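Every read-out reported here was derived from the displayed coordinates using simple, explicitly stated rules and does not represent laboratory data. Treat the numbers as computed from the prediction; the structure is a model and nothing was measured. Quick reminder, even Gly has a Cβ in these numbers, built from the backbone with ideal geometry, and neighbours come from all protein chains shown.
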Amino acid sequence: MPDRLMRALSAQPDLAAREHRILELWRSRATFARLRQRLRGGRTWSFLDGPITANNPMAVHHAWGRTYKDIFQRFHAMLGQDQRWQNGFDCQGLWVEVNVERELGFTSKRDIEAYGLADFVSLCKQRVLTYAASQTEDSIRLGMWMDWNDPQELLRLRDLLAQDPSQPVTVMGPDGPVTDSVEMMVGRLGTAALGGSYFTFSNENNDLIWGFLAECHRRGWLYKGRDSMPWCGRCGTGISQMEMNEGYQDREDPGLTVRLALRDRPGEWLLVWTTTPWTLPSNVAAAVGPRLSYVKVRQGDDLYWLARETVGQALRGPYEVLEERPGSDLVGWTYDAPYHALPAVREAFDEARVGEDSDDDGATYVHRVVPWDEVGQEEGTGIVHIAPGCGAEDFQLGKSLGLPVIVSLDEAGHFVAGFDWLTGRDAQVVTEAVVDDLSRRGAFYHLEPYRHRYPHCWRCGTPLLFRVVDEWFIDMGPLYDTPRDQLTAAQKDRSLRYQIMDVVDTIEWIPGFGHQRELDWLRSMQDWMISKKRYWGLALPIWECTACGSFDVISGRDELRQRAVAGWDAFEGHTPHRPYVDAVRIACSACGAETERIKDVGNPWLDAGIVPFSTLHYREDPAEWRRWFPADFITESFPGQFRNWFYSMLAMSTVLRREAPFRTILGYATLFAEDGRPMHKSWGNSIEFDEAAERIGVDVMRWMFARARPEDNILFGYAAADEARQDLLILWNVAAFLVTYTRLAGWSPRAGMAAEAAKLPPGASILDRWILSRSAGLAEGARQALADHDARAACAIVAVFVDDLSKWYLRRNRRRFSRNDDPADRAAASETLYTALLTAARVCAPILPFLAEELYQVLVAEIDGSATDSVHLTRWPDGEVAAYRDQALEAAMTTLRRAVELARALRARAGLRLRQPLAHMWLALPGGRSWEGLPAADERALLEVLAEELNIRSVELIEDGSDLVERRVKPLLPLIGKRLGAQVPAVLAAARAGDVQYLPDGGVRLAGVELAASEVEILASPRPGTAVAHDEGVVVVIDLTLTAELRAEGDARELTRAVQDLRKQAELALDARVDLWVDGEPEVVGPLRDHLSALAIDTLADDVHHSAPPEEVATVIVDLDAGAVRVGLRPNGSGVAAAP
RNA sequence: GGGGGAGUAGCUCAAUCGGUUAGAGCGGCUGGCUUAUAUCCAGCUGGUUCCUGGUUCGAGUCCAGGCUCCCCUACCA
C-alpha cells in the first residue's frame, strides 16, 4: 500500500468554490512569484497590455480579452520564456471627469472651476485608484496572472490622497521601501521601484508624451488650427475625428424649410432646407450646384426657386413651373436673410471686404448665392444654407470663397452676445422659438420631423454642435495620388501617414483583414487633433506667446525646470497636471516674452499610445527597453482600436523610432448578451463579471471565450455557459473515476512518476498505447495552435482529446479498473489513465488554470512532495510525451470506431440490444485486408476490442473478394479532376455502375480512361441482399442468428444490469457486499444457472439464492427474453467495505 | 456615399486547394448503454447553403448583380 492515495473527487464539483481554494493556494505558496523568478533572465516573450479604463467595475466583456492575455502569457511561461507581466490602467481623460462630475452633481465646466481644479483633479485620481483596485480584484479572480498591486494598498493611497496629497507615505517596492509624498507616489505607480500595474497618469507616461510632442514640433508637424469642429456643449470641448464615430445615433431633428427673399427680384424667394435651425442666424450664403437645374415655381402669389429634382419632396401644395435655369445662372444673386439685422451679423459683414463682383461695390458684404459642387438633390431643396461658423463643410467652403464667419455659440453651446433675443439661450432648444420668429418675419415655409444619423458626444450622449475654434493638431502629412508602392523616399519622409503604413506592413494582423482596415484608416485620417479644453489629463506642453504668436513645446519636466522663469515653486512636488503645471512661465524662444501654457489637456489616446516606451523605460534604461521592444504580442477588441490605441501606438512609435511597436496583434469582436443584443442593465440582459464568476466559475467563462472565433461576436449567457461546462465536467469526471478506483485498489502513482520520461507501462494494452499516443498528439497540436495565437484551435484539440479519453478509452477500459483480477493489468491501466490525465491537465493549464491546477494537485502535488507543486511551474509537456506517438495505431483506431458505429446501427435496426451477445461479425477494411503498418498482434488486439465493445463473440477480417462484399472503385477527384476535365462524369458513372476493368499494375480502366493505382481507392462495398453497413470503405456484416445459449447469456446480462440498478437505488457503497434472490419458473431460471457465478462477481454478491426473497428485501421484476423473474437484493452483514 | 465582413438545420456554429451524398453541438422525438458522470450511444426530425445569373466536368466555396445584417469610414445642409 502506498503512503498516500489520491484525494477523492466529488462527482458534482462546485467549480467556483474550488477556484477560490486554488487562488488561496497560489497566494500562500507565492506560486506566481516563484514562476517569475524561475523565468527571469531567460529568452523574452514580450506582451504589452492595452490599458483598461479604470473608471468602472470589470465587466464580462473585459474578461474575454483578459482571458486571451492570460492564456498566451501562461503558455509562453510554460515554454520557459521571461515576461514582464505588467497590466495597465488608462487613467486620464473625459470619461473619468464625466463620472466625477456626475457624482458631484455638476452640470457645466463652471461648476468645476468653482469647485477648484486641484480638488477636482484629485477626485479624478481617486476614482482611478478606486476602480483600479476593483478591476485588480476581479482580474485576480479571473485567474489572470500579472504583477498586481495589492488592491488594499491602492485604496490606502486613494484615501491618503483625499486627506492630504502632500503627506509622506512609504510603500514597499520589489527592491525595498520607497518614500515620497502621496501625490508623487501615485505619480510613480508602475515604475521599476514600485512595480505593479502601469497607470497612464504616471509622471513617466506624461513626461514621455511631452518628449514625443516636442519631437513632432522639432519636425514642424505640430500646429494650431482654426476649424469648425464637432463640439459637445455639455462637456465644453471639441471632439476629435477619432472619437466621432463612437457616438453616431439615430435622432429626430426638425427638417425646416425656410424662404429667403431675393433682392432685386420682387416676390421671388430661395427655398433652403436645414436640420439645424439654430445655425440660421449665422447664415451668410446659399449654395447651389452650378450644374444642377433650378426652376422657378408659382404657389399663390409667391415665386420660389429650388432645384428641379426636389420639387416633389420640398414643395407643399399645388405649384406651377414657370422657368428653368442652370444653377450657375443663380450664382451672385443676393438676398435678405431673416437675421441680417442682428448686430453679430452686421459686425461680421462690415468686416468682410468682398470682391468686385459685389453688388455693393466692395463695401459691405451681402447674403448671396454661391456655387458649390457638393450640393445634392436627394434631400432638401438643392439650395444649401451656408453658415461657416456652424459647420465643418460650410467653414471650408466659406474659407475658399472668402465668406464671413459668424460664430454664434460659446463653450457651453449657448448663444453669445450680438444675437438679440437669442443671446444666452441653449442652441439645442431654440427650434420652436426660431420657427415662431421666422413665421413672424414671413420666412417660414415648412417644418416636419426628420430622422437621420447625427453625431453625439461619445461620453455623455449630448448631440454635438459645430463651433469654429482653435485646436492643436499633429500634421499627418499629405495624401498623394500616386500609388503607395511608387512613392519616393522623399515623399514618404514628408508624410507621416505613409511612414506609419510602412510600419503597419511589418505587423502580423489576426484576423488578416485588420491589416487592410488599419491602412484604410491611415489613408482617410485627417490631422490628429490632440487638444481638449478640459481639466483632467495630460497637460499639453505648449507655451504660446501672446506677444509674437509663436510657441514652444517642452520636451519634459527637466527642460521645463531649466526654462522656467516663474512659477516653478508652485509646481515643484506635484504631478504634471493642472492646475499646478499651469503656474510655470517660460520665456518665449522667439521674442523672449514671458509665456503661459495653453490651458488645454491632451487627447487620451496619447496616454495609451506612449506605453511601448514609457512602460519599457525608454528614456531611463535604453538597454532594458530594447530587450522588450517591440512587443511580441498585443490583443485587444477590434472595434474602435484601429483609430485609437493601435493608431496612437503606431503613430508615436513611427515618429520616435520609425519601427513597429508590436509584432503580432490578435483582435477580437464584441460580446453581446445571449439574446443577441448589447448587454444593458435596463434591458435585464446584463451579467456582472463577479456574478458570472461565482455562478458558473471562471474556468467555464475562459473556456467559452477561448473556444470562440475571435472575429465573431460572442453571445454570452448562462445557457451557453451550461453547454461549455459539459466539456470541463467530462474531464473532471474522468479524473474522479481514476481516483475512485485507484483508491479502492490501493494504487498510487510512484514518486517521481510525473517527471519520468515517456515509457509505456509494463503490459500496456493496445488501448493504453492508443490514448498515450493521443496524449502526445494533444501536447504537440495544442502547442502549435497556441504558438500561432489560435486559442480556438487549441480548445478544439483539447475537446477532441477529452472526448476520446472519456467516450472511448475509459468506456472500453472500465472493467480493468473496477473488477480486475490481474493487478498488473490494473496498474497498467491506472498508469496510462494517470499519464493521459496529467498531460491533459498540463496542456489545459493556460486555458483552464484552475481546473488544471486542481487536477495537478490531486495527481501529483499532494502525492509527491518532491515534485513541482503547481502545474503552472511545469514546462509544456510535448517533449516528454512525444515518444508515445504512434500515428498508424491512431489511424487504425479511427477506422475501428467507425466500424463500431456501423455495427451499433445494425443492431439498432435489428432490434438487438447491446446486452444480447451475438455470435459473429465480419469486417472489411478500406483498401485491403489489414490495417496498414500494424503488426499482426496489434490487429488481433484491435479485433478483440471490437468484439468486446460490440458484445460479439468473434470478429473476422474479410477480404474484399469475399462472398459478402464486392469491390468498388472510388476515383480520387482532386487528383484526376484537372487532368480529365469533361470526362469526369463518364468516369464517375462507370465507377458507380461497377463497369470497371482492373489492370495488372493496380490501376483501373473506367469508361475507356486508364487511372493509375494512386488515382483511385479500391473500396469494399456491400453486395446487395446481405445485412451489412458500410461507410468510406469500412464494411460490417453481422450474423443475427440467436441460439438458446446466446439468449441465456443475454438474459444473464440483463439480470446483472437489473441488480446493479437495485444497488444504485439502495445507494450502496461501490464495494458493499450483498445477498441476492432470483425467483422464477424453472424454464426461465434454469438456463441462467451457468452465468450466475459471473453475475455474483459483477454485483459483489456473496450468495445467490434460488428462491423467493424474504419479505423485507427490495425486489424488482425483470422481464427477460425467456420470461419474467423476480430479483431481490439485501446488503450483506454490517456493510463493512471489503477490499477488492 | 465609399470600404470590409457576414448570411449554411428551430438556435450556436463547421465544412481543407472548388471534388461525389453539406456536418457537429444544443433543442425536439424514439430507442439503447451505464454503480465515473450534471455522462454516453444509435436512430429519427430538421437544409432552396439569402436571391438571380455566370465560370467549371463539378460551386456552400470562385466571379457579377441584387437583398439583409454587422463593422469601418464619410463635409450632404
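Within the straight-line cut-off of under 21 Å between alpha carbons, the lysines reachable from A:Lys125 are A:Lys109, A:Lys532, A:Lys533, A:Lys599, sequence neighbours fewer than 8 places apart in one chain being disregarded. Putting +1 on Lys and Arg Cβ atoms and -1 on Asp and Glu Cβ atoms, find which of A:Trp305, A:Ile730, A:Ser134 reaches farthest to the positive end of the dipole of chain A. The residue sitting most towards the positive pole is A:Ile730. Put simply, when A:679-687, A:581-589, A:65-73, A:17-25 are sorted by average Cβ atoms within 10 angstrom per residue, most first, you get A:65-73, A:581-589, A:17-25, A:679-687.
Could you tell me which of rounded, prolate or oblate describes region A:1-112, using a ≥ b ≥ c as the square roots of the eigenvalues of the alpha-carbon gyration tensor, with rounded for a/c under 1.5 and, failing that, prolate when a/b is larger than b/c and oblate otherwise? Cα axes put region A:1-112 in the oblate bin. Placing unit charges on the Cβ atoms only, positive for Lys and Arg and negative for Asp and Glu, gives region A:1044-1131 a dipole magnitude near 180 debye about its Cα centre.
For region A:408-462, just say rounded, prolate or oblate: build the C-alpha gyration tensor, square-root its eigenvalues into a ≥ b ≥ c, call rounded for a/c under 1.5, and beyond that prolate if a/b exceeds b/c, oblate if not. Judged from the Cα gyration tensor, region A:408-462 comes out oblate (a/c at least 1.5, b/c at or above a/b). For the listed peptides A:669-677, A:387-395, A:478-486, a ranking on the average number of other beta carbons within 10 Å per residue, highest first, reads A:387-395, A:669-677, A:478-486. Summing +1 for each Lys or Arg and -1 for each Asp or Glu among the other residues whose beta-carbon sits under 13 angstrom from that of A:Lys759 gives -2. Ordering A:Thr334, A:Val430, A:Phe415 by Cα displacement along the dipole of region A:237-468 toward the positive end leaves A:Val430 in first place; charges were set at the Cβ atoms of Lys, Arg (+1) and Asp, Glu (-1). When peptides A:365-373, A:488-496 are sorted by average Cβ neighbour count within 10 Å, with the highest value leading, the order is A:365-373, A:488-496. In straight-distance terms, cross-link reach from A:Lys970 covers every one of the lysines whose alpha-carbon lies under 30 Å from its own, apart from those fewer than eight places away in the same chain; here that gives A:Lys978.
Stretched out straight at 0.36 nm per residue, the stretch from A:Arg913 to A:Gln491 would grow longer than its current Cα-Cα span by 144.0 nm. Working from the Cα coordinates of chain A, the gyration tensor eigenvalues give, after taking √(5λ), semi-axes of 75, 40, 29 Å in decreasing order. Taking other residues whose beta carbon is less than 15 angstrom from the beta carbon of A:Arg316, and scoring Lys, Arg as +1 and Asp, Glu as -1, yields -1.
Its Cα centre serving as origin, region A:498-590 has a Cβ charge dipole (Lys and Arg +1, Asp and Glu -1) of approximately 440 debye. Can you give me the C-alpha center-to-center distance between region A:807-839 and region A:60-97, rounded to a whole angstrom? Computed from Cα coordinates, the inter-centre distance equals 40 Å. Note on region A:159-240: dipole from Cβ charges, positive end direction compared against A:Thr200, A:Leu161, A:Pro174; the farthest Cα belongs to A:Thr200.
Quick check: Cα centre of region A:126-153 to Cα centre of region A:494-519, how many Å? Here the answer is 33 Å between Cα centres. Relative to one another, the C-alpha centroids of region A:423-489 and region A:679-744 are positioned 46 Å apart.
Amide H contacts of A:His456 (H built 1.01 Å from N, in plane; Pro and chain starts excluded): A:Gly247, A:Tyr248, A:Gln249, A:Leu464 sit under 5 Å, all sequence-distant by 5 or more or on other chains.
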